[in-house]
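The values are calculated or read from the model by the stated rules, or taken from the named source; none is laboratory data. Because the structure is a prediction, the values reported are computed rather than measured. Ideal geometry is used to build each Cβ from the backbone, glycine not excepted, and the neighbour counts take in all protein chains shown. The area values use the complete protein model at the heavy-atom level, side chains included, leaving out ligands, DNA and RNA. Shrake-Rupley method; radii C 1.70, N 1.55, O 1.52, S 1.80 Å.
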Amino acid sequence: MPHSEQQPVPRFETLTVPKASDVLAAEVRERILSGEFREGTALPPERQLVEQTGLSRATVREALRILEVEGLLEIKPGRGGGAFVHRPGRESLAHTVQLVIRGQRIRLEALHETREAIEPACAALAARRRTDRDLEELDAEHAELVGAGEDIQRFLRANVRWHTAVARAGGNELLIGFMSALSRSIHAATNLEAFMDAGVRELTARAHAKITDAIRDGDEAAAALRMTRHVCGFARAAAEVDHRRSV
């Protein structure tokens, strides 16, 4: 008889079976993000979730904790409590970005580069989309900044709010979240008092006024150009007096 060739033995890769709690969390997460479960919707009580899913009480609790940490559920204790849907918003994005910035010790230079890349776009969008209410907010924050006088911390807080207001006027939710996180992180990580003398504060106020005017006039090109000059000048001035490399 002819010798038959030996057939190769099939091989399989090691399979990783997901934890039951991760599977349940993934299903609930998708139903929240898809809009099936609306903001404030109460999930069934824990006992009913155990009965409906066939999972153990410990597994259900672990899945709910995962979603609570992600900010997708709010767990309220006591009578009338339970697990309630919480859809992520701008503040969730800003908080997450700030955690990444601090956790990864992102270089200050990288923060300034990111700001220089996106904030002129925020100003251009603001010029295109701003409402009367947006202009009122920009004017109010600018007035607070000018009225801060020698109170540097009051000046800096108004400065952060003005920049965030520009992003809000642009109406792009992602940019609003990013700008909120960037402004707060740069403010917290930079010794701004070292160079925020009266002259610098006056230059900042004039730059804000010119950018606001361009936004009010609906001039996207001018708003972007003036914002570029402003944030690039700020980064150079800050680097001269603050030599920290990371947050």
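Rounded to the nearest whole Å², what accessible area per residue is found for region 1-150 with the 1.4 Å probe?
Working: 10670 Å² over 150 residues.
Spelled out: the 1.4 Å probe surface of region 1-150, per residue, equals 71 Å².
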Query - Mean shadow area of the chain, taken as a quarter of the surface of its Cα convex hull (nm²) - result: 24.2
Query raised in the report: P(r) of region 1-128 in 5 Å steps, Cα pairs, percent per bin?
Result: 2, 8, 12, 14, 11, 9, 10, 9, 7, 6, 4, 2, 2, 2, 1, 1, 0, 0
**Report entry** Interatomic Cα distance distribution for region 122-187, bins of 5 angstrom, percent
**Finding:** 4, 21, 26, 23, 17, 8, 2
Query raised in the report: Over the heavy atoms of ILE118, what accessible area does a 1.4 Å probe trace out, to the nearest 10 Å²?
Result: 40
Report summary line: Applying the span-like rule to the chain (DSSP H, Cα extent along axis at least 15 Å, Kyte-Doolittle mean at least 0.0) gives 20-33, 57-69, 90-103, 173-189, 220-241
Query raised in the report: Is region 94-227 best put as rounded, prolate or oblate by its Cα gyration tensor, with a ≥ b ≥ c the root eigenvalues, rounded for a/c under 1.5, and otherwise prolate when a/b is larger than b/c, oblate when not?
Result: oblate
Query raised in the report: With no solvent and one point per C-alpha, what does the Debye sum give as log10 I(q)/I(0) for region 68-137 at q = 0.11, 0.12, 0.19, 0.27 Å⁻¹?
Result: -0.52, -0.60, -0.94, -1.13
Query raised in the report: For region 89-128, how big is Rg over Rh, using alpha carbon atoms and the Kirkwood form of Rh?
Result: 1.07
Report summary line: Sparse-neighbourhood loop hits (GluC sites (Glu not before Pro), region 1-83; DSSP loop; Cβ within 10 Å at most 16 others) -> GLU5, GLU13, GLU36, GLU39, GLU70
Query - Mean projection area, nm², convex hull over Cα of region 109-152 - result: 4.2
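Of the heavy-atom accessible surface of region 131-204 (probe 1.4 angstrom), what whole percent is carbon and sulfur?
Its accessible area is 51 percent carbon and sulfur atoms.
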